[in-house]
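Here's the structure, in structure tokens; my notes come after.
Please treat every number below as a calculation from the coordinates, not as lab data. Note that this is a predicted model, so its numbers are computed, not measured. Cβ coordinates were reconstructed from backbone atoms using ideal geometry, including for glycine residues, and neighbour counts include every protein chain displayed.
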Amino acid sequence: MTLITPILPDASDELRDVLRGFKLGSGSPLAKVPDVHFARWVVIDRLRLDWPGAPKRPSRLRSQYLLFSADLTAPAYRAACLPGTFFRDLAHHIPDECDAVWKHCMNFPGVDEVDHFVKYLSHSQIDIDLYYAAFPDLTPSDISRAINARQGFAQFVLQHQDALVGDRGHDTLKAAYIKESASWAV
């Protein structure tokens, strides 16, 4: 999903400072929001004109804009209610961060009145003309479990590669597999 909201006059530098102050990776506030594969905030303050084919007479933006985009896969019971459930998750899981970011945008109602916040973000949403997802039915949790299982299996193979030596190797290996594999996809 993609949202574009106009930034208040002279607020983009302070907004950038807020965004740059957030931690990256698993420490990011966006990592606290369920179902998110990828998300970002971008301040759009100018159009680049240093590329072949750029307009000769540059068009000027009427405002600076905040772009927010997020790729998410919700479980079936939540997917039918998107994007509202996602906007509510933002308000519930990272209300202070949402307020710190969007307060720099025009007509932001705040996060305290969640229904107003959801309506504000819904009005900022733009249509996507083409979208691709490699794993459209997998949630971030599903993917994380699959990665853990793969890593666990690889570690198991490395640790037990010599277990097939001797008559009882297969039984020993099978018992170890049953015991250890239960923890891989947790």
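Quick notes
- The one condition in (1) surrounded by 15 or more Cβ atoms within 10 Å (Cβ to Cβ); (2) farther than 17 Å from residue 120 by Cβ; (3) over 15 Å from the mean Cα position of the chain (by Cα) that residue 72 fails to fulfil: (3)
- Members of segment 128-141 that are touching a residue at least 60 places away in the same chain (Cβ under 8 Å) and assigned to a helix (DSSP H, G or I): 140
- For segment 116-166, a tally of residues being among the charged types (D, E, K, R) and farther than 22 Å from residue 2 by Cβ returns 4.
- Only a single item in (1) free of Cβ contacts under 8 Å to residues at least 40 places away in the same chain; (2) under 25 Å from residue 63 (Cα atoms) is not met by residue 125, and it is number (1).
- Residue match in segment 145-161 (condition: surrounded by 15 or more Cβ atoms within 10 Å (Cβ to Cβ), touching a helix residue (DSSP H, G or I) at 6+ places or on another chain (Cβ under 9 Å) and of a type outside the set (A, V, I, L, M, F, W, C)): yes
- In segment 1-35, residue farthest from the chain's Cα centre (by Cα) [restricted to those that are among the β-branched types (Val, Ile, Thr) and assigned to a strand (DSSP E or B)]: 7
- Restricting 30, 82, 24, 67 to those that are in contact with a Lys or Arg (Cβ under 9 Å, 6 or more places away or on another chain), surrounded by fewer than 17 Cβ atoms within 10 Å (Cβ to Cβ) and among the aliphatic types (A, V, I, L, M) reduces the list to 67.
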